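Here's the structure we're looking at; comments come further down.
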Amino acid sequence: MDRREIAALLAYIGRLDPRTSRTDKAEAGDQLAQWHELLGDVPMTTPHGWDARAAARQHIRVSPYQVLPADIARPWESYRRDRLARHTDPTPSVDPDDQAAWTAELVGTRRAVATGSAQPAQYRAITSGRIDPDLKARLREIGSCIPPEVRVALAPYRPARAAREAAVAQGQPDALGVRCEWCQAQVGEPCRRRRVAPDGGARGTAPRVTPHPGRLDLAAARQVQETEPVQQPALA
């Protein structure tokens, strides 16, 4: 802000809080010089959301103390940090071999974002939406996205998943498809070694490669229920 904008800001603040007004010409001049020295690098407004008058109005609305230059500078610094935190440097358009031009464009883009002259450049976010009802059928047709050789190579690093896949391939019940009543492992999670703590409570430690027997029995019972044909009621 230049001195004219600082004077306009002080006049605006004085209308909302008369305590900040200076009736003496010398005091008003000193106040103007002080505020310009402290807020000379803070803009009055930016095209993207910043307004020094809004910061002053917010302070007067929630605080019983007079507005100081710091009450304008702090929100401005927060505004700058927030915009830079949401900014991802786009690839400069200049020749990458020209290091000076490359750096200058990056710095200029960041300065424009920080000062509110440009919007932060963000990576495109994944949007949420309704799941395609045909997705499961398509996945069954395509098969796994992991090649078989990669799956074999990963088996030593995820033994519980490898044991699950081997059991399903052999037609055995999927134990991880049900919740374990012993260790409280949720669906899809491997069982854990459960032991009793000194206080009498149960706690889990390292994951097990093989599920607990009770979980296997529960998965087998569910598999039988799913494969049994539904009996139709007899007609009278």
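The values are calculated or read from the model by the stated rules, or taken from the named source; none is laboratory data. Given the structure is predicted, the values throughout are model-derived calculations rather than measurements. Because the Cβ atoms are built from the backbone with ideal geometry, glycine has one as well, and the counts that use them run over all protein chains shown. Calculation scope for accessible area: heavy atoms of the full protein, side chains included, ligands and nucleic acids excluded. Shrake-Rupley method; radii C 1.70, N 1.55, O 1.52, S 1.80 Å.
The set of residues in the stretch 85-115 that are aliphatic (A, V, I, L, M) and closer than 30 Å to residue 73 by Cβ comprises 85, 104, 106, 107, 112, 113, 114. Pairing each residue of the stretch 12-23 that is of a type in the set (A, V, I, L, M, F, W, C) with any residue that is part of a helix (DSSP H, G or I), provided the two are 6+ apart or on different chains, yields C-beta distances under 7 Å for 13/20; 13/56; 16/57; 16/60. Residue check: residue 198 meets all listed conditions (1) at pLDDT below 80; (2) within 15 Å of residue 161 (Cα to Cα) but one, namely (2).
Note on the stretch 65-84: residues that are of a type in the set (A, V, I, L, M) and closer than 20 Å to residue 104 by Cα total 1. So the check is Cβ under 8 Å with 6+ separation or different chains; which pairs have a first residue in the stretch 104-122 that's over 13 Å from residue 49 (Cβ atoms) and at pLDDT below 85 and a second one that's among the polar types (S, T, N, Q) and assigned to a helix (DSSP H, G or I)? Once the first residue is over 13 Å from residue 49 (Cβ atoms) and at pLDDT below 85 and sits in the stretch 104-122, its partners that are among the polar types (S, T, N, Q) and assigned to a helix (DSSP H, G or I) give 121/109. Consider the stretch 70-89 and keep the residues that are among the acidic types (Asp, Glu) and open to solvent by 40 Å² or more (accessible area, probe 1.4 Å). The one that is nearest to the chain's Cα centre (by Cα) is 82. The set of residues from the stretch 40-58 being open to solvent by less than 30 Å² (accessible area, probe 1.4 Å) and in contact with a helix residue (DSSP H, G or I) (Cβ under 6 Å, 6 or more places away or on another chain) comprises 42, 44, 50, 52, 55, 56.
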